[in-house]
Amino acid sequence: MKKILSTAASLGFCLYLPVAALAGGPTATSPDSISRELKDLRTQLANQRAEIDMLKNQKVAAPVDLAAEQNRLDALEKENWVHAAKKKVDVTLYGQVNKAVLFADDGHDDDVFFVDNAISGTRLGVTAKSKLNDEFSTGAQMEFEWTQNNSSAVSMASDNEGDSENAAKRQMKVWGQSQTAGKLTLGHGSVAADGIAQIDLSGTSIAGRTDAANGAAFLFFDQTGPGAYSSLKVKDVISDLDGARKDHLRYDSPAFFGVTLSGTTAEGDYNDVAVGYNSKFGETKVQAGVAYTWEPIGAVDNIVVGSASVLLPFGLNFTAAAGEK
């Protein structure tokens, strides 16, 4: 009986050892392996401690105060002698192409002309305006005109007179304006009397303006001989007596109950004063103006001219112009 038990115990012990090994049970570890693992752990801890110390030493940047930063930049700009160009400037580029077909019959001959309309010719311009504050503003304007086959120059003798490859100056001026004191303009452009004879609310100024001379430069036909023309041109005896564009200094007052006062002193001892009126009565529009011009051309040349226009709500309008030289 004892032999049987001893054999069983031996078998059981022999079976236990391989099962424990296969199951990954505890095994013996050498002192060198343990030493290396401890050394690696100490190195990792040292690295982590160094990273923590570095993060503690870093300062977190405070949020940027945009308003304070803008004030700082504005103050810095004011300290400089040289400033950037004005930021808030309204610039407008404008222009037009105004061509026309003109037919003329002087009782002796007739012809068709393809022209640039001299009443309001092909042009290009730019304006700039800057508001300094609620009271003051400044601005500038440049405008040029190209007239190919000018309608005020063609005649039966020549159908392409007045051509120009160069741009003609119309407006080259600067101005400053006060809401309470008025506007002062310096440069080349319209005098106070310019446009005072052409006030028209009909909207047909190009087709039916008072300045008939801009239609063409036709000669009067002289019936005393076949095919004979006089030396007088239509524009030599017809004028609307309107003002012009000159190198000038001009003042325009603010409007008082629709009334404005303007005055100009310009090259060639030219001077003028003008009074304008622009108002509305209900839906009826009324506009008028009168100007007095004096300019020494040989003898003193005095001109009084004015015009007025009324536009009713349903479109019917009345316009009149008169002048004396």
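The values are calculated or read from the model by the stated rules, or taken from the named source; none is laboratory data. Keep in mind it's a predicted model, so treat the numbers as computed, not measured. Positions of Cβ are generated from backbone atoms using ideal geometry, with glycine treated the same way; all protein chains shown enter the neighbour counts. Calculation scope for accessible area: heavy atoms of the full protein, side chains included, ligands and nucleic acids excluded. Shrake-Rupley method; radii C 1.70, N 1.55, O 1.52, S 1.80 Å.
Mind ordering 136-142, 88-94 by average Cβ neighbours within 10 Å, highest first?
Details: 136-142: 17.0, 88-94: 10.0.
The packing order, highest mean first, is 136-142, 88-94.
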Full-extension gain in nm, Asp109 to Gln179, via 0.36 nm per residue minus C-alpha separation: 19.5 nm
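Given Lys88/Lys173; Lys280/Lys325; Lys131/Lys183; Lys235/Lys280, which pairs have Cα atoms separated by over 24 Å? Can you show the working numbers first?
Numbers: Lys88/Lys173 20 Å; Lys280/Lys325 31 Å; Lys131/Lys183 13 Å; Lys235/Lys280 36 Å.
Violating the 24 Å limit, Cα to Cα: Lys280/Lys325; Lys235/Lys280.
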Go through Glu145, Glu267, Glu135 and list them by solvent-accessible area, largest first, probe radius 1.4 Å. Glu267, Glu135, Glu145
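Find how much the distance from Val286 to Glu69 grows on full extension, using 0.36 nm per residue of separation minus their present alpha carbon separation; answer in nm with one decimal.
Here the segment from Val286 to Glu69 would lengthen by 72.8 nm.
Pop the C-beta distance of Thr265 and Leu312 into the FRET formula with R0 = 51 Å and round what comes out to the nearest 0.05.
On the way: r = 39 Å, r/R0 = 0.76.
Using R0 = 51 Å, I get an efficiency of 0.85.
Across all directions of projection, what mean area in square nanometres is found for the Cα convex hull of the stretch 277-325?
Working: hull surface 14.8 nm².
Dividing the Cα hull surface by four gives the mean projection, 3.7 nm².
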Nearby aspartates and glutamates by direct alpha-carbon distance to Lys169 (threshold 12 angstrom, same-chain neighbours under 8 apart not counted): Glu143, Glu145, Asp247
Work through the residues other than Val191 whose Cβ is under 12 Å from its Cβ and net out their charges, Lys, Arg +1 and Asp, Glu -1. -3
